[in-house]
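A.B. asks: Please read through the structure below; I'll follow up with questions.
Just so it is clear, none of the values below were taken in a lab; they were calculated from the coordinates. The model shown is predicted, which means the values in this text are computed figures rather than measured ones. Please note: Cβ atoms are built from the backbone with ideal geometry, for glycine as well, and neighbour counts cover all protein chains shown.
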Amino acid sequence: MAKEKSTKTEHYTSKHHHDPLQFPDGFLWGAASSSYQVEGGNHNDWTLWEKGKGRVKDKSVCGEAARHYSLYEEDFKLAKKLNQNAHRLSLEWSRIESERGKWNMKEVEHYRAVLQSLRKNGIKTFVNLHHFTNPIWVSEQGAWARKKTVRDFCRYVEFVVDNFSDLIDFWLTVNEPLINVTLSYLIGNWPPGKKGPVNAFLAYKNLAAAHRKAYKIIHKKLDSAEKKPMVGFANNTASFYTYRKDKLLDFLFVKLSDLIGNDLFYILTGKKTHDFIGLNYYFHYRVKKPDFNALGRFVSAEKEGREASDIGWEINPQGIFDALLDVNKYNLPIYILENGVAASVDHTRQRFIISYLKEVFHAIKEGVPVKGYFYWSLTDGFEWENGYIPRYGLVDVDFKTFKRSVRPSGKLYAEICGNNAIIHEELYYLGHLTEYGERGEMMDGKYTK
Ligand code: BGC
């Protein structure tokens, strides 16, 4: 594919030079993952759920995932080699407390070794306490639809603070509460599959309480005159646009989507329980509301021929700029805790990285205090109901041999992290369409058009 394109190089006439897009000193560059999606060998509510017919599209089960549980040293060495200075991961509650109140000290040792390995490699740790999966005993008691789970979660948080706080730089309480609640409770196609608006409402309320309480526990235990912990959560933040210009109904539905999708968790938890804004950015929605009686809907990008990822999520870099400008209203430092693309053709990921980071750079220029960026994800992994079909990794994983191979996009991202900047060649070759509407790509460290 690269060869075909290079024949047209001579026709590409633009000779402009791009100044480097220099990111602020101390900017954190990393990648994100979650325990269940990469570790392998877990046993929790998802392990039981995924066995059900039709629940995972490629009929896979998580199983060994990327075998990160035993290969973490190799993965972190690679992250360091790729010039990353921060990493986001989650602790698996079901490993640490597989039975209610029974703490598994072997797993504590394991996770301490994992965090120490990051330290050794000079990588800052962003540790998430809950990334969608629950211990089976939590699921059996009704999971997040029950208040009891909040109390259990708080006990677990206390335990984590007591056992790991020396190794944690940034704390994340929960991941994407609205996605969790929508899929696990409202629609019910994730575990515990407790379908219905009442369960969804209760689960959301309980997740908000869990965040608030966890925030207080961590601060109460760790605040000192010299240092205070940094605590936040990862919010799935979407950009909503009207499908039709000048349609009041579309406009009102955008406002409502924005309120529920982006702001509600902050409203429920209160501004004083966030030390930073943690933003996961994937979704750009065009919202259409046909009339008062019909529910609004998100128009499919793929059906309309707009660029989309392998799983149909619209690729729209400007959305991250708008989302960043919007969350700046909270006046807090901002970390982009997830942003990535499911792409089996690596070229898509290369252009994705450049185009989204360009927008992040411009948001910083507009005065938005973005302090770090985490690409999702370091390696390929298990992608919930999509199984092993989507390839998000900067690093390819062969799921038979567990061999890691850095993709060209991984090298490109490494170059950006190392320079703390996007440089001329990257912008020149990957940042524009040619006059033929073609795109350049990077192969083996060389660029082609
Ligand atoms: C989740 C990840 C997931 C990613 C890509 C995010 O919403 O936090 O667990 O793998 O999206 O689908």
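A.B. asks: Answer with one residue from ASN328, PHE399, HIS211: the one whose Cα lies farthest towards the positive end of the charge dipole of the chain, charges on Cβ with Lys, Arg +1 and Asp, Glu -1.
C.D. replies: HIS211
A.B. asks: Right, next: Angle, helix 346-365 long axis vs. longest principal axis of the chain, Cα atoms, 0 to 90°, nearest 10?
C.D. replies: 80
A.B. asks: If you don't mind, another one. Taking the Cα centre of segment 247-394 as origin, work out the dipole magnitude from +1 charges on Lys and Arg Cβ and -1 charges on Asp and Glu Cβ, in debye rounded to 20.
C.D. replies: The dipole of segment 247-394 has a size of about 380 debye.
A.B. asks: Quote the FRET efficiency, to the nearest 0.05, computed for ARG112 versus ILE187 with a Förster distance R0 of 51 Å and r equal to the Cβ-Cβ distance. Can you show the working numbers first?
C.D. replies: Values: r = 37 Å, r/R0 = 0.73.
Given R0 = 51 Å and the Cβ-Cβ separation, E is 0.85.
A.B. asks: With springs only between Cα atoms under 10 Å apart, run a GNM on the chain and tell me which of SER409, SER94, SER60 wobbles the most.
C.D. replies: SER60
A.B. asks: Which far-off residues, 5 or more places away or on another chain, put their amide H under 5 Å from the one on ASP380, with H placed in the peptide plane?
C.D. replies: Those lying under 5 Å, H to H, from ASP380 are GLY393, VAL395, VAL397.
A.B. asks: Under unit Cβ charges (Lys, Arg +1; Asp, Glu -1), what dipole magnitude, rounded to 20 debye, does segment 21-440 have relative to its Cα centre?
C.D. replies: Once rounded to the nearest 20, the dipole reads 1160 debye.
A.B. asks: Here is a further query. Nearest 10 degrees is fine. How inclined is helix 147-164 to the longest principal axis of the chain, computing both from alpha carbons?
C.D. replies: 70
A.B. asks: Using the basic label-point model (7 angstrom from Cα toward the beta carbon), what is the LYS221 to LYS57 distance in nanometres?
C.D. replies: About 3.9 nm, to one decimal.
A.B. asks: Pop a pseudo-label 7 angstrom from the Cα along the beta-carbon direction at both LYS271 and ALA294 and give the gap in nm to one decimal.
C.D. replies: 3.9
A.B. asks: Quick check on packing: order 105-115, 229-239 by the mean number of other C-beta atoms within 10 Å, highest mean leading.
C.D. replies: Ranking the peptides 105-115, 229-239 by packing returns 229-239, 105-115.
A.B. asks: Could you give the length gained by full extension between GLU140 and ASP19, i.e. 0.36 nm per residue of separation minus their alpha carbon distance, to one decimal place?
C.D. replies: Working: separation 121, 0.36 × 121 = 43.56 nm, distance 5.69 nm.
My answer for the length gained is 37.9 nm.
A.B. asks: Which is farthest toward the positive dipole end of segment 21-440 among VAL174, HIS362, ILE123, measuring Cα position about the Cα centre, with Cβ charges +1 (Lys, Arg) and -1 (Asp, Glu)?
C.D. replies: VAL174
A.B. asks: Quick one: of LYS358/LYS446; LYS59/LYS358; LYS216/LYS329; LYS77/LYS106; LYS102/LYS194, which pairs are farther than 29 Å apart, Cα to Cα?
C.D. replies: LYS59/LYS358
A.B. asks: While we're looking at this one, here's another question. Using the Cα centre of segment 278-341 as the reference point, and only Cβ charges (+1 on K/R, -1 on D/E), how large is the resulting charge dipole? Debye, rounded to the nearest 20.
C.D. replies: I would put it at about 260 debye.
A.B. asks: Would you please give the FRET efficiency between ASP162 and PHE201, computed as 1/(1 + (r/R0)^6) with r the Cβ-Cβ distance and R0 = 35 Å, to the nearest 0.05?
C.D. replies: It comes out at approximately 0.60.
A.B. asks: Rounded to the nearest 10 degrees, what's the angle between the helix 248-258 long axis and the longest principal axis of the chain, both from Cα atoms, 0 to 90?
C.D. replies: Tilt of helix 248-258: around 60 degrees.
A.B. asks: Ok, one more. Ranking request for peptides 170-181, 146-157, 290-301: highest mean number of other beta-carbon atoms within 10 Å first, then the rest in descending order. It would help to have the intermediate numbers written out before the result.
C.D. replies: Details: 170-181: 23.9, 146-157: 18.1, 290-301: 11.9.
Those peptides, ordered most packed to least, come out 170-181, 146-157, 290-301.
A.B. asks: Under a GNM of the chain (C-alpha, springs under 10 Å), which listed residue has the highest mean-square fluctuation: ARG244, ARG67, ARG391?
C.D. replies: Greatest mean-square fluctuation among the candidates belongs to ARG244.
A.B. asks: Same structure again: Which residue, LYS289, LYS245, LYS365, tops the fluctuation ranking in a GNM of the chain built on C-alpha contacts under 10 Å?
C.D. replies: The residue that fluctuates most here is LYS245.
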